[in-house]
Amino acid sequence: MEFSPIIIGTMRLGSWGAQLDTEALERFIDACIDLGFSHFDHADIYGHYTEEERFGRVLKRRPDLKTKLQITTKCGIRILSPNRPQHRLKSYDATAAHLVWSAENSLRELGVDQLDVFLIHRPDFLMHPHEIATAVEQLKTSGKVRAFGVSNFSPSQFEMLHHFTPLATNQVEISLLHRQAFSDGTLDQCLRLGIRPSAWSPFGGGRIFNDGDSPELQRVRKAIEQLGESHGATVDQILLAFLLQHPAGILPILGSSKIERIQSARAALEVQLSHEDWYQLWEAATGVEVP
Ligand SMILES: NC(=O)c1ccc[n+]([C@@H]2O[C@H](COP(=O)([O-])OP(=O)(O)OC[C@H]3O[C@@H](n4cnc5c(N)ncnc54)[C@H](OP(=O)(O)O)[C@@H]3O)[C@@H](O)[C@H]2O)c1
């Protein structure tokens, strides 16, 4: 599937962050689309099960947007929430019944006819692959879901489910501050299968900008500063270039609610790090030279 090279996350746009009202959210969506970033990442749980509906309110006012944007949403985490009083504890649920109900609920909340990408948010240790495959087939045949995938799956969990039903992506945490996917087989698997992964928290959830002065952050900031100077690029642009450089075609998911920060991300597409630049960042993050 062809999507915009950077995805816009919605987790922090509402009650879990910026609390944009409908007008501000509409302006934000318009601005992202104008910048060429038309793919929005949702999950049923964001804003305690309210974010899809808030986004849907904009689409109701502006139905023209529906043909201009693509939507990923996720299901399968059941959080404790006043909006789900029936949940006794936090748990995972990837049963067929829950997948079908969740997809239909997300369609209703968002007010769209089709989910472009529908993901299982986290691996349910009790998942039955045959059951999931049947549910996905049903959702695709009825046109409710265009592509199906997973999030936070290990390579072996991905391999197992992919055997039963084709998975379009694995959405995992990847950043200079969280490098597991580079070495645990996740990105190798994407390359082998020709699947583009998406990367959540590309700035470590904002940690790189704000949080503390650990030796790791100090080293990373220094390396970014040096490379930023030589490439004429800002911190966010260097961090995104680090991901975009990988041959697996990583799609970073931005978590910002600020249009000027989304705008800045666009320039990252032009930053070309050399192999040495990339390893300079790697060395700064790990604190040691590669073996
Ligand atoms: N699949 C999963 O399990 C999973 C888990 C977590 C997240 N996600 C998805 O991934 C998306 C991104 O995750 P994230 O929000 O953690 O990503 P992130 O982009 O690493 O972090 C976003 C945070 O960084 C701040 N920030 C961004 N650019 C900045 C800058 N230039 N200077 C200072 N602060 C800056 C933002 O604040 P401002 O708003 O003030 O810019 C925001 O608080 C989420 O929206 C969600 O869609 C998926």
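The values are calculated or read from the model by the stated rules, or taken from the named source; none is laboratory data. Small disclaimer: the values here were computed from a predicted structure and weren't measured. For neighbour counting, all protein chains shown are included, and Cβ atoms are generated from backbone atoms with ideal geometry for every residue, glycine included.
Odds and ends about this structure:
- Candidates Gln237, Gln189, Gln180, Gln218: the one that is under 20 Å from Asp277 (Cα atoms) and in contact with an Asp or Glu (Cβ under 8 Å, 6 or more places away or on another chain) is Gln180.
- Residue check for Gln263: over 21 Å from Glu173 (Cβ atoms), outside any loop (DSSP other than H, G, I, E, B), touching a residue at least 24 places away in the same chain (Cβ under 8 Å) and not aliphatic (A, V, I, L, M): yes
- Put simply, of Leu110, Leu35, Leu89 the only residue that is out of contact with any strand residue (DSSP E or B) (no Cβ under 7 Å at 6 or more places or on another chain), under 24 Å from Thr169 (Cβ atoms) and among the aliphatic types (A, V, I, L, M) is Leu35.
- The set of residues from the stretch 1-35 being part of a loop (DSSP other than H, G, I, E, B) and either in contact with a helix residue (DSSP H, G or I) (Cβ under 7 Å, 6 or more places away or on another chain) or polar (S, T, N, Q) (or both) comprises Ser4, Ile6, Thr10, Met11, Leu13, Gly14, Ser15, Trp16, Gln19, Leu20, Leu35.
- The residues on offer are Thr186, Thr169, Thr141, and the sole one that is more than 22 Å from Asp41 (Cβ to Cβ) and either among the β-branched types (Val, Ile, Thr) or touching a strand residue (DSSP E or B) at 6+ places or on another chain (Cβ under 8 Å) (or both) is Thr141.
- Here Val235, Val271, Val288 are screened, and the one residue that is touching a residue at least 12 places away in the same chain (Cβ under 8 Å), more than 16 Å from Ser201 (Cα to Cα) and β-branched (Val, Ile, Thr) is Val271.
- Glu159 being part of a helix (DSSP H, G or I), among the acidic types (Asp, Glu) and farther than 30 Å from Ala285 by Cα: no
- Candidate set: the stretch 183-218, residues that are in contact (Cβ under 8 Å) with a residue 60 or more places away in the chain and part of a helix (DSSP H, G or I); chosen: the one surrounded by the most Cβ atoms within 10 Å (Cβ to Cβ): Leu187
- Residue check for Ala267: surrounded by fewer than 20 Cβ atoms within 10 Å (Cβ to Cβ), small (Gly, Ala, Ser) and more than 24 Å from Gln189 (Cα to Cα): yes
- The C-beta contact set for the stretch 14-43 (first residue over 25 Å from Leu119 (Cα atoms), second residue modelled with pLDDT under 95 and surrounded by 15 or more Cβ atoms within 10 Å (Cβ to Cβ), distance under 9 angstrom, 6+ apart or interchain) comprises Leu35/Ser4.
- Qualifying residue in the stretch 226-242 (condition: more than 18 Å from Ile7 (Cα to Cα), out of contact with any Ser or Thr (no Cβ under 9 Å at 6 or more places or on another chain), of a type in the set (A, V, I, L, M, F, W, C) and surrounded by 19 or more Cβ atoms within 10 Å (Cβ to Cβ)): yes
- Residue within the stretch 233-245 that is out of contact with any strand residue (DSSP E or B) (no Cβ under 8 Å at 6 or more places or on another chain), outside any helix (DSSP H, G or I) and farther than 25 Å from Asn170 by Cα present: yes
- Only a single criterion out of (1) surrounded by fewer than 21 Cβ atoms within 10 Å (Cβ to Cβ); (2) without any contact (Cβ under 8 Å) to a residue 40 or more places away in the chain; (3) within 16 Å of the ligand (Cβ to nearest atom); (4) hydrophobic (A, V, I, L, M, F, W, C) is not satisfied by Leu177, namely (2).
- Across the stretch 80-90, not a single residue is classified as part of a helix (DSSP H, G or I), surrounded by fewer than 17 Cβ atoms within 10 Å (Cβ to Cβ) and hydroxyl-bearing (Ser, Thr, Tyr).
- Odd one out for Gln189 among (1) under 27 Å from Phe118 (Cα atoms); (2) of a type in the set (S, T, N, Q); (3) modelled with pLDDT under 95: (3)
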